[in-house]
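Visitor: Mind having a look at this structure? Questions to follow.
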Amino acid sequence: MDQKLDLVKSAQNGDAHAFAQLYENIYKDLYRFALYTLRNPADAEDAVSETVVDAFVSIGKLRNPEAFRGWMFRILSNKCKNRMKEYARKTVDIDEVGEEMSYEEEIPESLFVRRAFMELDGLERMIVSMRVFGGYTSKEVSRILSMNANTVRTKESRALKKLAARLGDA
């Protein structure tokens, strides 16, 4: 843990190599969170890239070096929220979506889980992603999303019940 704190402090003092090491340790978690939230690999990569650029530029403003991981996820969370707002403003032509896999084909169980997850609304996906993939408590999620902690717990509970119901039907 002390090594990570030293890396954060070095990065805050302008050490790009230290920042790159920090990024290397967190990239997979950031990408996984963005992918499950946005449902699009290219958009997930873009959101993570934008997050890293913003974090690198503003790491000197990070008050508590121990909060680096949460700070990175907070930036990414905001990037994902902005992209989901863009999604809501767009309309998609049905031809752009492509062909869906037929249910007669052999479908791995993980695909059922992923499909059920993707059927959740954007906020539900974000909350579940932050809790499951990011490892955040509901209180931390509430701060990041600027929501009441009870609301976060309620939305998480409903989302998990929806997932269970959809997977029960599969």
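The values are calculated or read from the model by the stated rules, or taken from the named source; none is laboratory data. Only a predicted model underlies this, so the values are computations on that prediction, with no experimental measurement involved. When we count neighbours, we look across all protein chains shown, and the Cβ atoms used for this are built from the backbone with ideal geometry, even at glycine.
Visitor: What is the one condition in (1) surrounded by fewer than 20 Cβ atoms within 10 Å (Cβ to Cβ); (2) modelled with pLDDT under 90 that Ser77 does not satisfy?
Guide: It is condition (1) that Ser77 fails.
Visitor: Residues that are under 26 Å from Arg125 (Cα atoms): list the helices (runs of 4 or more DSSP H) wholly contained in the stretch 1-86 that include at least 3 such residues.
Guide: Passing ranges, in order: 16-38, 41-58.
Visitor: Anything in the stretch 3-28 that is closer than 30 Å to Arg114 by Cα and without any contact (Cβ under 8 Å) to a residue 40 or more places away in the chain? List them, or say none.
Guide: The answer is Tyr23, Glu24, Asn25, Tyr27, Lys28.
For every residue, the table says whether it meets (1) in contact (Cβ under 8 Å) with a residue 40 or more places away in the chain; (2) of a type in the set (Ser, Thr, Tyr).
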site	(1), (2)
Met126	yes, no
Ser129	yes, yes
Tyr136	yes, yes
Ser142	no, yes
Met147	no, no
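Visitor: Somewhere in the stretch 29-51, is a residue under 11 Å from the mean Cα position of the chain (by Cα) and without any contact (Cβ under 8 Å) to a residue 12 or more places away in the chain?
Guide: Yes, the stretch 29-51 contains at least one residue that is under 11 Å from the mean Cα position of the chain (by Cα) and without any contact (Cβ under 8 Å) to a residue 12 or more places away in the chain.
Visitor: Let me ask something else about it. If I ask for residues that are over 18 Å from Lys81 (Cα atoms) and surrounded by 14 or more Cβ atoms within 10 Å (Cβ to Cβ), which ones from the stretch 155-170 would you list?
Guide: Residues satisfying the conditions are Leu160, Lys162, Leu163, Arg166, Leu167.
Visitor: How about the stretch 114-127: which of its residues are in a helix (DSSP H, G or I) and surrounded by fewer than 22 Cβ atoms within 10 Å (Cβ to Cβ)?
Guide: Listed by number, the residues that qualify are Arg114, Arg115, Ala116, Phe117, Met118, Gly122, Leu123, Glu124, Arg125.
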